[in-house]
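None of the figures in this text is laboratory data; all of them are computed from the coordinates on show. What you are looking at is a predicted structure, and each value in this text was computed from that prediction instead of being measured. Here the Cβ positions follow ideal geometry from the backbone for every residue, glycine too, while neighbour counts run over all protein chains shown.
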Amino acid sequence: MNNKYSFVGGKQGLWKVIDVRSISGYSLERVERVNVVNNAVAELPLDSSWVLQSFTSNIRYSMRDEVTALRAVQPALDRSEAMSAVLIPIKKSAQWWEMAQDERRAIFEEESHHTAVGLEYLPEVARRLLHCRDLGEPFDFLTWFEFAPEHTDAFDELLLRMRASKEWGYVEREVEVRLIRDDIS
């Protein structure tokens with residue numbers, strides 16, 4: 001299984017861009033579409049403005065019972081009813097990365113309850129966490145969310161709760177790219 005993913009912002013792709021906005025720091029350039037490629041894209045394609053490289057990995061801050069609970073309710077991506085998607089690239093501060101993993105885990109889960117909050121929105125809001133810090137990318141993580149349009153309010157509530165947590169005090173750059181599936185390209 002290929003664990004590499006590239007998100008290419010430009011004029012091609014299944015996902016039509018509805019909005020691109022900066023939550024913290026500077027934004028990404030506004031594009032018409034995002035193409036999600038299950039592979040590394042070595043060069044910026046013609047008619048594209050940016051490419052974000054990433055990879056899936058093991059679940060890093062979760063305990064066995066949390067992983068089991070997530071896997072029990074996490075739906076597959078690409079469900080036919082999931083016509084809405086949001087790509088959220090995030091970069092955390094140097095202070096976050098200077099902490100030991102157990103210190104980050106304490107903020108992530110014991111104080112911010114990241115996994116527990118996320119579980120409340122499954123299976124309606126499916127997600128995939130991708131890593132990019134180790135690739136020298138401008139972001140540390142990319143989170144890809146998919147959901148049916150009728151679950152947009154639930155997704156927005158999830159974002160509000162996450163952004164109000166202690167963990168988000170360590171986010172120095174965050175961009176929100178809202179999309180709809182539109183295979184007429």
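Give a quick list of GluC sites (Glu not before Pro) in the stretch 71-116 that DSSP marks as loop, anything other than H, G, I, E or B, with at most 14 other Cβ atoms within 10 Å. Please list the in-between numbers first.
Values: sites: Glu81, Glu98, Glu103, Glu109, Glu110, Glu111; in loops: Glu81.
Qualifying residues, ordered by number: Glu81.
The alpha carbon gyration tensor of the stretch 85-185 gives principal lengths a ≥ b ≥ c with a/c of 1.5 or higher and a/b no greater than b/c, which makes the shape oblate.
Let me know the charge dipole size of the chain about its Cα centre in debye, to the nearest 20, where only the beta-carbon of Lys, Arg (+1) and Asp, Glu (-1) is charged. Intermediate results must be reported in sequence, preceding the final value.
Details: 23 positive and 31 negative charges, 71 e Å.
Result for the chain is approximately 340 debye, rounded to the nearest 20.
Look at the dipole of the chain built from charges on Cβ: of Val31, Gly118, Gln53, the Cα furthest out on the positive end belongs to Gln53.
By the helix-only formula, in which each DSSP H run with n ≥ 4 contributes -39500 (n - 2.57) and the sum is divided by residues, the chain has a 222 nm mean residue ellipticity of -5500 deg cm²/dmol.
Placing +1 on each Lys and Arg Cβ and -1 on each Asp and Glu Cβ, with no other charges, gives the stretch 132-185 a dipole about its Cα centre of roughly 200 debye.
Pairing the Cα long axis of helix 64-73 with the longest principal axis of the chain, what angle in degrees results, from 0 to 90 and rounded to the nearest 10? Once rounded, one gets 40 degrees.
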